[in-house]
Amino acid sequence: MAQLKELHAASRTDREIAEALGVDRPTAARRRRSLDLPLNPAPRKTPAVKPSRPKRSKWDGVELQPCGTYASYVRGCRCELCGEARRTYHQEYVARRRAEGIPAEHHGTAYGYQLGCHDRDSCPSTPACSDASIAEERRRRREAGIPAQPPRVDAAPVREHVRNLMSNGRSVKAIAADADVSLSGLKMLLYGRSGARKGEMPTKIDVTKATKLLALA
Ligand SMILES: [Zn+2]
């Protein structure tokens, strides 16, 4: 009986106690009850964790819309192309709604641009609000005595010329000084923009700067 008490204290079930004592289970249970000991419950069997299968869809592997479309984004594709398509779609949507909200008589004016019609393609007027706004700004500058910007020319041949000078051993700094152009402007011509448009190569250059740089030999 002492042994049974010990086994019971160790949370053994009747079956385990019976095995240890070499008796059958009902006998073990009867002896346990005679000692006024409660039944030790068998440990709960924990159900084996099923490996979770990835969710299947009947659309798996079916390319409904090619990547790079808004429809593909809506169907759940989050690749870079579809993200870009979504952004474009959104921008166009916003531009369209803005244009729709502006009374027709204000389209094609600088005021229409101020009201939010910034997109040339979605403006129903020709010239578009953005063009009217640029024209208006230009007119104001002339009126205020600000001289017109010098005409701009293709930057590529100038860049090519400066690179040739550099390959002949001239430094960027020396070239800027000799041509009397700003060093930062020259660096932008050679290496591209900085800031939000980082790396973008300028396609145009002021004709005065171009002339000065091309004059260097
Ligand atoms: Zn407009």
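Regarding the range 191-201, can at least one residue be identified that is touching a Lys or Arg at 6+ places or on another chain (Cβ under 8 Å) and exposed (fewer than 10 other Cβ atoms within 10 Å of the Cβ)? The answer is yes; a qualifying residue exists.
Restricting C123, C129 to those that are touching a Gly at 6+ places or on another chain (Cβ under 6 Å) and more than 24 Å from L216 (Cβ to Cβ) reduces the list to C129. Just one of the listed residues (P26, P38) is in a loop (DSSP other than H, G, I, E, B) and open to solvent by 40 Å² or more (accessible area, probe 1.4 Å), and it is P38.
Per-residue answers, yes or no, for (1) open to solvent by 50 Å² or more (accessible area, probe 1.4 Å); (2) among the acidic types (D, E); (3) at pLDDT 95 or above; (4) over 19 Å from L115 (Cα atoms):
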| residue | (1), (2), (3), (4) |
| --- | --- |
| A132 | no, no, yes, no |
| A148 | yes, no, no, yes |
| P151 | yes, no, no, yes |
| N164 | yes, no, yes, yes |
| A176 | no, no, yes, yes |
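Against the criterion of being surrounded by 13 or more Cβ atoms within 10 Å (Cβ to Cβ) and either free of Cβ contacts under 8 Å to residues at least 12 places away in the same chain or in contact with a strand residue (DSSP E or B) (Cβ under 7 Å, 6 or more places away or on another chain) (or both), T69 does not qualify. For the range 115-128, filtered to residues that are near the ligand (Cβ under 9 Å from one of its atoms) and in contact (Cβ under 8 Å) with a residue 24 or more places away in the chain, the residue that is surrounded by the fewest Cβ atoms within 10 Å (Cβ to Cβ) is P124. Scanning for something open to solvent by less than 90 Å² (accessible area, probe 1.4 Å) and under 30 Å from Y93 (Cβ atoms), does the range 203-217 turn up at least one residue? No, every residue in the range 203-217 fails to be open to solvent by less than 90 Å² (accessible area, probe 1.4 Å) and under 30 Å from Y93 (Cβ atoms).
The values are calculated or read from the model by the stated rules, or taken from the named source; none is laboratory data. Not measured: the values here are computed from a predicted model. Cβ: placed from backbone, ideal geometry, glycine included. Neighbour counts: every protein chain shown. Just so you know, the surface numbers come from the protein's heavy atoms only, side chains and all, with ligands and any DNA or RNA stripped out. Shrake-Rupley method; radii C 1.70, N 1.55, O 1.52, S 1.80 Å.
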